[in-house]
């Protein structure tokens with residue numbers, strides 16, 4: 001497709017038909033990809049190897065979709081939660097990180113773990129991902145720590161985690177959603193008190209590692225403030 005026609009298609013046609021979510025039956029799956037039957041139309045979507053392993057052929061799935069439009073192809077990336085989708089996009093804001101690398105990171109780290117690893121500058125956590133070398137891991141950790149937190153789609157806003165908890169059949173996914181929401185709320189609370197983002201990120205990450213079990217928001221904020229005072 002000539003570049004001019006591609007730009008016209010991308011801006012005026014495809015973006016007017018953006019897919020936000022697909023709900024249907026998993027017809028077939030491979031490593032890192034599945035086909036979802038939605039009312040007789042089969043959508044081939046890319047996903048993390050972990051996500052495809054969690055899905056059973058024949059079951060109904062509900063996946064958040066991120067659409068990539070390129071001159072040679074239109075690719076749909078599917079995620080079990082909106083937090084995973086937003087972090088997939090956010091990871092690609094780091095220099096040198098594309099869709100493949102972002103999916104590799106989401107294969108080994110949950111959104112909450114990504115936030116914690118970035119907050120603490122834990123480059124070793126990112127280096128565990130397939131295809132991520134030491135230099136890339138260090139850059140990912142440092143750049144994420146200095147960036148604003150990823151945002152969910154405007155339409156979903158703060159309801160994203162509630163929606164995913166309602167849709168998810170996995171208890172582990174519900175726990176991940178709750179944990180990430182708690183971390184984000186604590187970080188926002190510290191920022192509202194005048195704490196810089198990088199300091200807030202580190203303090204909340206350290207506090208969360210200290211507390212046993214699922215903490216209350218007030219307790220997490222209080223402990224994070226103590227960490228700031230050290």
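Identify all residues within region 44-71 that are farther than 14 Å from residue 33 by Cβ and touching a residue at least 40 places away in the same chain (Cβ under 8 Å); write none if there are none. Scanning region 44-71 gives 62, 64, 67, 69, 71. Note on region 114-227: enclosed helices (runs of 4 or more DSSP H) holding 3 or more residues that are farther than 29 Å from residue 62 by Cα, more than 17 Å from the chain's Cα centre (by Cα) and modelled with pLDDT of 85 or more are 123-127, 134-146, 171-192, 197-210.
The number of residues in region 176-230 being free of Cβ contacts under 8 Å to residues at least 24 places away in the same chain and either closer than 23 Å to residue 84 by Cβ or crowded, with 17+ Cβ neighbours inside 10 Å (or both) comes to 4. Filtered by the rule that a residue be part of a strand (DSSP E or B) and in contact with a helix residue (DSSP H, G or I) (Cβ under 7 Å, 6 or more places away or on another chain), region 58-73 gives 62, 64, 66, 68, 69. Scoring residue 34 on the criteria (1) assigned to a helix (DSSP H, G or I); (2) touching a helix residue (DSSP H, G or I) at 6+ places or on another chain (Cβ under 7 Å); (3) over 30 Å from residue 147 (Cα atoms) leaves a single failure, condition (1). The residue that is surrounded by the fewest Cβ atoms within 10 Å (Cβ to Cβ), counting only those in region 99-113 that are within 21 Å of residue 146 (Cβ to Cβ) and at pLDDT below 95, is 113.
Mind checking whether some residue in region 75-86 is without any contact (Cβ under 8 Å) to a residue 40 or more places away in the chain and farther than 28 Å from residue 205 by Cα? Yes, region 75-86 contains a residue that is without any contact (Cβ under 8 Å) to a residue 40 or more places away in the chain and farther than 28 Å from residue 205 by Cα. Being at pLDDT 90 or above and not assigned by TED's automatic domain parsing to the domain that holds residue 98 holds for only one residue in 19, 13, 55, and it is 55. Does residue 89 satisfy the condition of being assigned by TED's automatic domain parsing to the domain that holds residue 126 and assigned to a loop (DSSP other than H, G, I, E, B)? Considered against the rule, which asks whether it is assigned by TED's automatic domain parsing to the domain that holds residue 126 and assigned to a loop (DSSP other than H, G, I, E, B), residue 89 comes out as no.
The values are calculated or read from the model by the stated rules, or taken from the named source; none is laboratory data. Given the structure is predicted, the values throughout are model-derived calculations rather than measurements. FYI the Cβ positions are ideal-geometry reconstructions off the backbone, even for glycines, and counts take in every protein chain you see.
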